[in-house]
Amino acid sequence: MKIAAISMTMNDDFRLSAWKSYYNEYKDEISEHIIVDNGSTQEYLDLLHDTFPASTIIELGYNGGCTGAYNAGIRKALSNPIIDAILLIGNDVRIEKGGLTKLYGILFSNTEYGMIAPVLLKKDSQIIECFGSTLNLKNGYAKDIYGKQPLTEIGKKTMEVGLVPGGANLSKRIFYEPEGVGLQDENLFMYCDERDMALRAKKKGYRTIATSEALSWHQHIDRIGNHRDPRTEYLRARNYIYIANKHFSKKTKYTELIIRLFLQTALYLRDIRIKERRIQYYYYIKGVIAGLRNNMDNSLMGHTEK
């Protein structure tokens, strides 16, 4: 078992202490720990090196988003010939001690398995946040399985799913190699990347698995008073259209676009008095226009954080 664990970061000083404690729970189960930094301040980089002195830290010098950061880490992992599995794990995700060993054992129990994820629970709880999602191969629509239900509802269970969380999964080395699925699509920057990888994996014949044999928790560690950058609505809208262009017919693309526009407009009209919602809708419409123009320039999103 030779696992490379990859996490990304960007000025996450408020997470470092908890992140280090989560890392300490799984560090004995991995062979290499890779951290990719998305253009942080030098002050934060110094703290990062002090906190993880034995880790491989890749300083991109710019914000490559989720896909760019993970790809940099995956390339580094693939350059090490002993690595046979790659873990993508968010820096605010905790996985139980021994969990990676369980995931690895299940992943390599079947040649068709390409990626596996532990059940992801809500912060410090036994309530399911994500146990994978179904995936409609005709339009890319995904729906959570067992979301918001207590863990006792599924017990110990391993099953095939459509897609799994992008920041809590383990894949075989071959999955990311050119003869496998390959690297993530950096045009996406962030959002819809899990969907794209799942669709590509399916076309390559890989099966995606979720299991409650291993537990993980999404701790959602954010800055006090932090709010999601409204420009993320731009990425959501644009990337849905990009995915439709990439994987589906024009009819499917425009059908999905009309449905999503209708829903977003209805929500906007419902909350029209809320300034934040008006700003979100503005960026959503900009994203739709960018998607229709196939404008995948992410430079405007250079300091958006996920």
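The values are calculated or read from the model by the stated rules, or taken from the named source; none is laboratory data. Note that this is a predicted model, so its numbers are computed, not measured. With ideal geometry, Cβ positions are generated from the backbone for all residues, glycine too; neighbour counts draw on all protein chains shown. Ligands, DNA and RNA are excluded from the accessible area calculation, which covers all protein heavy atoms including side chains. Shrake-Rupley method; radii C 1.70, N 1.55, O 1.52, S 1.80 Å.
Just a few scattered comments:
- Contact order normalised by residue count of the chain, Cα under 8 Å, 6+ apart, percent: 19
- Using a probe of 1.4 Å, the accessible surface attributed to Glu59 totals some 90 Å² when neighbouring protein chains are kept in position.
- The 1.4 Å probe gives accessible areas that order Asp37, Asp185, largest first, as Asp185, Asp37.
- Residue with peak Gaussian network fluctuation, the chain [Cα springs, cutoff 10 Å], from Leu170, Leu45, Leu87: Leu45
- Amide hydrogen neighbours beyond the local backbone of Tyr113, cut-off 5 Å, H modeled: Arg207
- Carbon and sulfur %, accessible surface of segment 157-287 computed with the full protein complex present, 1.4 Å: 56
- Per-residue SASA entry for Arg260, accessible area with 1.4 Å probe, Å² rounded to 10: 50
- Along each principal axis, Cα extent of the chain, largest first, Å: 51, 45, 39
- Largest-first ordering by accessible area, 1.4 Å probe, given options Glu186, Glu194, Glu32: Glu186, Glu194, Glu32
- The residues of the chain present an accessible area of 47 Å² per residue when probed at 1.4 Å with all protein chains retained.
- Rg and Dmax of segment 1-127, both derived from C-alpha coordinates alone, stand at 14.6, 45 Å.
- Since only Ile127, Pro165, Ser212 are under comparison, the one whose Cα sits farthest along the positive direction of the charge dipole of segment 123-225, derived from C-beta charges on Lys, Arg, Asp and Glu, is Ser212.
- Of the DSSP H helices in the chain, those whose Cα atoms cover at least 24 Å axially and whose Kyte score averages 1.6 or more: none
- Segment 143-191 versus segment 50-92: alpha-carbon centroid distance in Å: 18
- Accessible carbon and sulfur surface of segment 1-89 relative to its total accessible area, %, 1.4 Å: 49
- The listed residues Lys27, Lys253, Lys20, Lys203, once ranked by accessible area (1.4 Å probe) with the largest placed first, stand as Lys203, Lys27, Lys20, Lys253.
- Cα gyration tensor category, rounded, prolate or oblate, for segment 244-300 with a/c compared to 1.5: oblate
- Heavy atoms of Met197 accessible to a 1.4 Å probe, total area in Å² rounded to 10: 10
- Among His49, His33, His218, residue whose mean-square fluctuation peaks in a GNM of the chain (springs only between Cα atoms under 10 Å): His49
- Rel. contact order, % - alpha carbon contacts under 8 angstrom, at least six apart, segment 61-206: 31
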